Amino acid sequence: MQTPFQTLFKTAAAAASILIMNACAPAPEDNAGQPESETGDGDSNAIAKADFGETKAGEATEIYTLTNKNGLVAKVTTYGATLVELHLPDKDGNLVDVINGFDNVAGYEGDGNQYFGCTTGRVCNRIAKGKFTLDGEEYTLATNNDPNHLHGGGDKALSKQVWKAELSADTQAVTFSLTSPDGEEGYPGNLSMKVTYTLTDENELRIDYEATTDKATPVNLTNHAYFNLGGAGSGTILSHELTLNADNYTATDDTLIPTGKIEAVADTALDFRKAHVIGERIPDKEARETADCETSTLGYDHNFVVNGEAGTMRLAARLKDPASGRVMEIHTDQPGIQFYSGNFLMEQEGKGGKKYPFRGALCLETQHFPDSVNHEDFPSTILKPGDTYSTTTVHRFSAE
Ligand code: GLA
């Protein structure tokens, strides 16, 4: 069995090269973020729409503001069907934005964007060497996380496309839709997708995904929000307490591709069945960088097998920031959850000039297991014509 924290230098180098490959961001639009119009009936149901700037390719983007009766706010943009802001109260009622992001689309197209808040796919996480075989045909995808395929590939990954928005008349919900044509990013089938963000009055952010295809194809969609419950850009997440409802995880090689073995978390640094402070069992930045560090590691970047039956909603994760008292529970019908501790964050500048340091935020990405398309005994990610891909993840917020 591999040690939970193997050196992942290859992955780090690959991630760095992805970032370097991204071009510089154009100047922000002056009017980006300014409210334009509202819809809905009355204050609590009003959804404000604003310009979010033009992409480099000249496409217009919008940002929508959802507000619930308790004053929680979520903002989502058509660019990458992305969650841009999420304002949550602490134990004294003070609202703060808890996710990483940028002020306009130029930021999201810039080299600081590490999939912040986006809808990730067609297949999130990794596919070994960018290859899979389906119905006797071999498919080759971009190896954008050398030597593997990551988060849907290159320029036409879902996170880099402008989606269409549709507003709900009576709930705080926005539905984004996109059809990815047959062969896009190397994937088979015309894939039509819908992603709906709903902010409920029970202080939940609910994300519903739906997809259909005209040819068998792998699908694995997730949201890639980076959370810091103390406030985005307010320091690290090392003092957050995490509980994961997972007895097992998918062991990987040193390029983060599953070996196929499901290993127990018991007696490892991956055991979060009881709440643990995140920083407790990972080396600090200096230790990580010394060549003779025994557990030289980039930190957590693992897929956990959520206990209970996939396909039914159950608790996957609970995250608490003891300082502010903010708590987030994640419930999902997905079989897995990737816990990523912000190991590649690099002090990039985000919303309002805030900096996002190493381990300054974390992701809890509900999903099918990485590289499922190459592992017959993992729950299948293949969507067939006539079937509907449908999955839900609910983020429930409170303070204590
Ligand atoms: C995921 C991956 C990480 C990294 C981030 C984006 O969480 O598992 O290895 O690629 O996305 O930087």
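Using the eigenvalues of the Cα gyration tensor, what equivalent ellipsoid semi-axes result for the range 41-143 when each is taken as the square root of five times the eigenvalue, whole Å, largest first?
On the way: eigenvalues 225, 59, 40 Å².
They are 34, 17, 14 Å, listed from largest to smallest.
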Completion exercise
Here, the chain modelled as identical Cα point scatterers in vacuum has Debye log10 I(q)/I(0) at q = 0.08, 0.10 Å⁻¹ of -0.38, -0.61
Handout entry: Euclidean distance between Cα centres, the range 217-250 to the range 161-211, Å
Key = 21 Å
Exercise for the section: Over the alpha-carbon set of the range 155-207, work out the extent along each principal axis and list the three values in angstrom, largest first. Expected result: 41, 18, 16
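Give me the net charge of Asn307's neighbourhood, meaning all other residues with Cβ under 10 Å from the Cβ of Asn307; Lys, Arg count +1, Asp, Glu -1. Mind showing how you got there, number by number?
Working: positive: Arg273, Arg314; negative: Asp247, Glu309.
Here the count lands on 0.
For the ranges 66-73, 263-270, what's the packing order if you count other beta-carbon atoms within 10 Å of each residue, average per peptide, and put the highest first? Kindly include the intermediate steps, with their values, before the conclusion.
Working: 66-73: 18.2, 263-270: 15.4.
My ranking of the peptides, most packed first, is 66-73, 263-270.
Give, to the nearest whole percent, the P(r) tail of the range 49-104 beyond 16 angstrom, counting all Cα pairs. Write down the numbers at each step before the final one.
Working: 699 of 1540 pairs.
Tail of P(r) above 16 Å: 45 percent of Cα pairs.
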Exercise for the section: Would you list which lysines come within 19 Å of Lys355, measuring only between C-alpha atoms, while excluding same-chain residues fewer than 8 positions from it? Expected result: Lys285
Fill in the blank from the handout: If the chain between Ser390 and Met313 were fully extended at 0.36 nm per residue, the gain over the current Cα-Cα distance would be 26.5 nm
Fill in the blank from the handout: The summed charge of the Glu184 Cβ neighbourhood (under 11 Å; Lys/Arg +1, Asp/Glu -1) stands at -1
Completion exercise
In whole Hz, the Karplus estimates of ³J(HN,Hα) for the range 236-244 (6.51, -1.76, 1.60; θ = phi - 60°; x where Gly or Pro) are 9, 9, 5, 9, 5, 9, 10, 10, 10
Problem - For the chain, built as a Gaussian network whose Cα springs stay under 10 Å, the top-fluctuating residue of Ile262, Ile237, Ile99 - result: Ile262
Problem - Kirkwood-Stokes translational diffusion coefficient of the range 100-254, alpha-carbon pairs, 20 °C, 1.002 mPa s, µm²/s - result: 122 µm²/s
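Mind checking the dipole of the chain: about its Cα centre, +1 per Lys or Arg Cβ, -1 per Asp or Glu Cβ, Debye to the nearest 20? Mind showing how you got there, number by number?
Details: 32 positive and 59 negative charges, 85 e Å.
Roughly 400 debye, rounded to the nearest 20.
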Exercise for the section: Throw me the Rg/Rh for the range 205-256, computed over C-alpha atoms with Kirkwood Rh, two decimals. Expected result: 1.07
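Compute the signed sum of charges (Lys and Arg +1, Asp and Glu -1) over the other residues within less than 9 Å, Cβ to Cβ, of Gln348.
Numbers: positive: Lys355; negative: Asp111, Glu347, Glu349.
Around Gln348, the charge tally is -2.
Could you tell me the convex hull volume per residue, in Å³, taken over the Cα atoms of the range 202-342? Mind showing how you got there, number by number?
Values: hull volume 21.5 nm³, N = 141.
Cα-based convex hull of the range 202-342, divided per residue, equals 153 Å³.
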Exercise for the section: Would you mind telling me which residue in Leu86, Leu134, Leu205 has the biggest mean-square fluctuation in a Gaussian network model of the chain, where springs connect alpha carbons within a distance under 10 angstrom? Expected result: Leu134
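Laboratory data are not the source of any read-out in this text; all were calculated from the coordinates shown. Everything quoted here is computed from the prediction, not taken from an experiment. Virtual Cβ from ideal backbone geometry, glycine too; neighbours counted across all protein chains shown.
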